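To start, the structure under review is shown below, and the notes come after it.
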Amino acid sequence: MDIREFRGWLFDIEGVLLDGPAVLQPNIDFVRALIERHVPVLFVTNTVMRSKDELMKRFTLAGLPISIDQIVTPIDVACEWLIQRHIKKIHVVAPKPIQNAFSLFQLDESGEALIIGDFGTNWQYRELNHAFQWMMLHPDWPVLALGGGRYYRRQQQWFLDLGAFTQALSWAANKTIQNCGKPDRLIFETAVRKLGFKASEVVMVGDDYASDVNAAIAAGCHGILVRSGKYRVRDENRLVKEAMCIDSLSSFSSF
């Protein structure tokens, strides 16, 4: 894999560039070098609990000022999906800040689609069962999830991610839920389209062998796993053969 052939780069945020309040400096330095060389860079994250403005502030504090347009989240994908299907009224099961991100739509419990967001460590049976009730009452209407990760790691602790809850809802209601985040190909296709390149000209860098790397490759991109964040020993053995695994992006210091 010759990284000089990549015209565009996609980066996960948590576990690759930032780890809670900590900064993974070698990786930040590499991204800065790409930007200084005018190589197109986007940040593809399942994080919806923090706004794009918050993420931008964290990058600025890390010495990597970026624009809001460089961040791609499941909310972007969901909005595009709804607009393409002319859906104007939706029901959002998520904390208020996430609901506010859907200001283009009318929010109503009788909406034509259900959006399931992330409550982080504040998930309660009430929210899960409310979403389940809606799915049972509207079996033919679409349900979108703002992410499909199994778990995440923050400050040396492991947490169940949104995908664990939506899988339970999908199984209980016997209904397919459209994931708008990683590992679904939709978010990679959205990012590649935004870059304006072919998927084969783009590489994704992440700390999750499944949701970041293998999923990006399945969507036609290249993939690089970094041994940081949620990486676990022997994750490289779970990569598809086209992937690369490195300790950090400082491995490309001669780039």
Self-check item: Pair list, Cβ < 9 Å and 6+ apart or interchain, from region 57-86 residues that are at positive phi to residues that are surrounded by 12 or more Cβ atoms within 10 Å (Cβ to Cβ) and basic (Lys, Arg)
Solution: Gly63/Arg32
Exercise. Can you confirm whether region 115-125 contains a residue that is surrounded by fewer than 13 Cβ atoms within 10 Å (Cβ to Cβ) and touching a strand residue (DSSP E or B) at 6+ places or on another chain (Cβ under 7 Å)?
Key: yes
Quiz item: Taking region 1-56 as the search range and keeping residues that are aliphatic (A, V, I, L, M) and loosely packed, with under 14 Cβ neighbours inside 10 Å, which one is farthest from Leu162 (Cα to Cα)?
Solution: Met1
Quiz prompt | Failed criterion for Tyr231 (all others in (1) modelled with pLDDT under 95; (2) in a helix (DSSP H, G or I) hold) | solution = (2)
Exercise. Working only within region 215-228, note down all residues that are touching a strand residue (DSSP E or B) at 6+ places or on another chain (Cβ under 9 Å) and either more than 17 Å from Phe43 (Cα to Cα) or outside any helix (DSSP H, G or I) (or both).
Key: Ala219, Gly220, Cys221, His222, Gly223, Ile224, Leu225, Val226, Arg227, Ser228
Self-check item: Residue count, region 54-86 (criterion: more than 16 Å from the chain's Cα centre (by Cα), of a type outside the set (Ser, Thr, Tyr) and outside the structural domain of Phe102 (by TED's automatic domain parsing))
Solution: 9
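Listed here are the residues, each with its yes/no results for (1) closer than 22 Å to Ile116 by Cα; (2) assigned to a loop (DSSP other than H, G, I, E, B); (3) of a type in the set (S, T, N, Q).
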site: Arg4; (1), (2), (3): no, no, no
site: Ala33; (1), (2), (3): no, no, no
site: His38; (1), (2), (3): no, yes, no
site: Leu55; (1), (2), (3): yes, no, no
site: Trp81; (1), (2), (3): yes, no, no
Quiz prompt | Selection count where residues are part of a helix (DSSP H, G or I) and either surrounded by 14 or more Cβ atoms within 10 Å (Cβ to Cβ) or without any contact (Cβ under 8 Å) to a residue 24 or more places away in the chain (or both), scope region 87-105 | solution = 4
Quiz item: How many residues are in contact with a Lys or Arg (Cβ under 6 Å, 6 or more places away or on another chain) and closer than 19 Å to Asp140 by Cα if we restrict to region 100-119?
Solution: 3
Self-check item: All positions within region 7-51 that are at pLDDT 95 or above, in contact with a strand residue (DSSP E or B) (Cβ under 6 Å, 6 or more places away or on another chain) and either of a type outside the set (A, V, I, L, M, F, W, C) or outside the structural domain of Gly206 (by TED's automatic domain parsing) (or both)
Solution: Gly8, Asp12, Pro40
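The values are calculated or read from the model by the stated rules, or taken from the named source; none is laboratory data. Here the structure is a predicted model, which is why all the values come from computation and not from measurement. Positions of Cβ are backbone-derived with ideal geometry, glycine not excepted, and every protein chain shown enters the neighbour counts.
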